[in-house]
1. Please identify the pairs in which a residue from the range 1-25 that is among the acidic types (Asp, Glu) has its Cβ atom under 8 Å from the Cβ atom of a residue that is exposed (fewer than 10 other Cβ atoms within 10 Å of the Cβ) and at pLDDT below 80, counting only partners at least 6 apart or on another chain.
2. Among the residues of the range 43-50, are any of a type in the set (D, E, K, R), out of contact with any Leu (no Cβ under 9 Å at 6 or more places or on another chain) and not in a helix (DSSP H, G or I)?
3. If we scan the range 51-74, do we find a residue that is in contact with a helix residue (DSSP H, G or I) (Cβ under 9 Å, 6 or more places away or on another chain) and either surrounded by 10 or more Cβ atoms within 10 Å (Cβ to Cβ) or not in a loop (DSSP other than H, G, I, E, B) (or both)?
4. Just give me the residues in the range 95-119 being of a type in the set (Phe, Trp, Tyr) and within 48 Å of the chain's Cα centre (by Cα), in sequence order.
5. Considering only the range 93-128, state which residues are open to solvent by 100 Å² or more (accessible area, probe 1.4 Å) and of a type in the set (Lys, Arg).
Amino acid sequence: KEEAGEVLREVDFHQLKIENSQYLKQIEQYNQDLLQLKVMTGKTQLVLNSYKDKAKEEELNRKFRDDISNYRVPDVLEYVRETWNRFDLEKKVKTWERKVDIAELAHKTYSKTWENIKMYNDQDQDMK
């Protein structure tokens, strides 16, 4: 009003105060609505996550049910034969491990003997 050349009156200030308080109430209402929407969104997200988890669990249960329904118990003779083969293989592994240990020990002994012979020969040649 001042720019238009009019004089500001106390009534104008009072009207501005009323409008301002109305706007503040409206903003407060919008904030309350926004808060409610956020709470609703949070609850909805929790429900959605529980449905997602439930679908994953159902998929796992279906897979386990399929595995159980497709499981085949081996024949008794087949089981005994496989167990025997496993024991036989374990015995062979132990035998080969012992042979390797013996071969390593022999290698160390031969290497040490060879080093001693070389050292003796080097000393013998140094004396000549």
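The values are calculated or read from the model by the stated rules, or taken from the named source; none is laboratory data. Note that this is a predicted model, so its numbers are computed, not measured. Cβ sites come from the backbone with ideal geometry, for glycine too, and all protein chains shown count toward neighbours. With ligands, DNA and RNA removed, areas are computed over all heavy atoms of the protein, side chains included. Shrake-Rupley method; radii C 1.70, N 1.55, O 1.52, S 1.80 Å.
1. Correct list of pairs: ASP12/LYS1.
2. No: the range 43-50 contains no residue that is of a type in the set (D, E, K, R), out of contact with any Leu (no Cβ under 9 Å at 6 or more places or on another chain) and not in a helix (DSSP H, G or I).
3. yes
4. TRP96
5. Residues satisfying the conditions are LYS94, ARG98, LYS99, LYS108, LYS112, LYS128.
A quick yes/no check of all residues on (1) at pLDDT below 90; (2) not aliphatic (A, V, I, L, M):
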site	(1), (2)
ARG9	yes, yes
LYS43	no, yes
LEU46	no, no
ARG65	no, yes
ARG81	no, yes
